[in-house]
Amino acid sequence: MLQVRLVFKGEFYQQAGSLLKGGFMYNPQIKVLIDNVEKVIVGKTEVVRLLVVGMLTNGHILIDDVPGMGKTMLSLSLAKSISADFKRIQFTPDLLPSDVTGGFIYSPKTGEFDFKKGPVFTNILLADEINRTTPRTQSALLEVMQERSVTIDGNTFVLPRPFMVVGTQNPIEYQGTYPLPEAQLDRFLMKINVGYLSIEEEKKVTIEQKMQHPIEDLDAVLGAEAILDLQEQVKKVEVSPAVLSYIVNLVYATRKKEEIRLGASPRASIALMKASCAWAFIEGRDYVIPEDVIKLAYWVLGHRILLHPKALVAEKTAASIISDIIRGIPVT
């Protein structure tokens, strides 16, 4: 049986110690990519890795953090590093679905209705403050995130590849916000946060931006075709029957835990498997180990479960409950 000790830091946990002696043994291409993003995003290697996991799995990432933490720069740095098209939508209460997806517009020259593409037709879409728009506009992203396409008036338009949504939201503001429905939350591979810098890291960031922002000098180190190739390689990472059973058992346990009102869906099992494959690939392995699953469990499952009111009153958190689940399920 594998014994795993978890260390909590606020709402988030990390596995104690390094998974590999001497540090992480990165895949060479991924190391170049992460190092490049870290020219802009200082001291947040794990956050960058999680964002790259989303890209490698063709998944979407929700960043929940206070203003000024670098959420926009994080996604823009990734886009510039892979020479990808990047667009940003500032979600507001008056935003319409057509402002997101595009729509048919009458052309006096042709006498016909021509389709004008919306900002979702890009490689990396930053959905900034996604919870500030109405549920009607939020729903415009459901097909986009799941099917990678837009359907209007019976016409389907396929989005470019690769495609990834990076959504952001502010956890401390509730007035004028519309909480994301479970159906949309479930479409995000992971919900992560950036977190504050250390004093020394903040000094470094401050002095580096005295003259100009580092993002201005950031060059691409990979192309879109290379990303698509890496995505195919991640699909070949081996998941043993034992590890697969462990993943499914973890997700299934969220539906039986008495503190949880709504457990994770089968999509969560798929997401945890894919994320674990990407994490293993980043570390230079072609197989998943249980530690990969444990490392990513909270990020993948935390936003997919709803707690009972009595659990909230008892000051239980999604992180603590998921940790209890992990401790209660043996790895053989």
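Brief remarks follow.
- The amide H of residue 152, built 1.01 Å from its N in the peptide plane, has 157 as neighbours under 5 Å, considering only residues 5 or more places off or on other chains.
- DSSP bridge analysis restricted to the range 6-328 gives an antiparallel fraction near 50%, rounded to the nearest 5.
- Residues with amide H under 5 Å from that of residue 260, placed H, sequence gap 5 or more: 308
- Relative contact order, percent, the chain [alpha-carbon distance under 8 Å, six or more residues apart]: 23
- The order of the peptides 294-305, 233-244 by mean Cβ neighbours within 10 Å, most packed first, is 294-305, 233-244.
- If you plug the beta carbon distance of residue 117 and residue 146 into 1/(1 + (r/R0)^6) with R0 = 25 Å, you get a FRET efficiency near 0.85.
- Amide H contacts under 5 Å for residue 63, placed H, 5+ residues apart: 167, 168, 169, 192
- Other residues lying with their Cβ under 9 Å from the Cβ of residue 262 contribute a combined charge of +2, Lys and Arg counting +1, Asp and Glu -1.
- Ellipticity at 222 nm from helices only: DSSP H runs of n ≥ 4 in the chain, each -39500 (n - 2.57), divided by the residue count, give -11500 deg cm²/dmol.
- Theoretical FRET efficiency, 1/(1+(r/R0)^6), r = Cβ-Cβ of residue 232 and residue 267, R0 25 Å, to 0.05: 0.70
- Partner aspartates and glutamates for residue 117 [C-alpha distance under 16 Å; skip if fewer than 8 residues away on the same chain]: 85, 99, 143, 153
Here, each number is a calculation from the coordinates, and none is a lab measurement. From a predicted model like this one, the values you see are computed outputs, not experimental measurements. We place every Cβ from the backbone using ideal geometry, glycine too, and count neighbours over all the protein chains shown.
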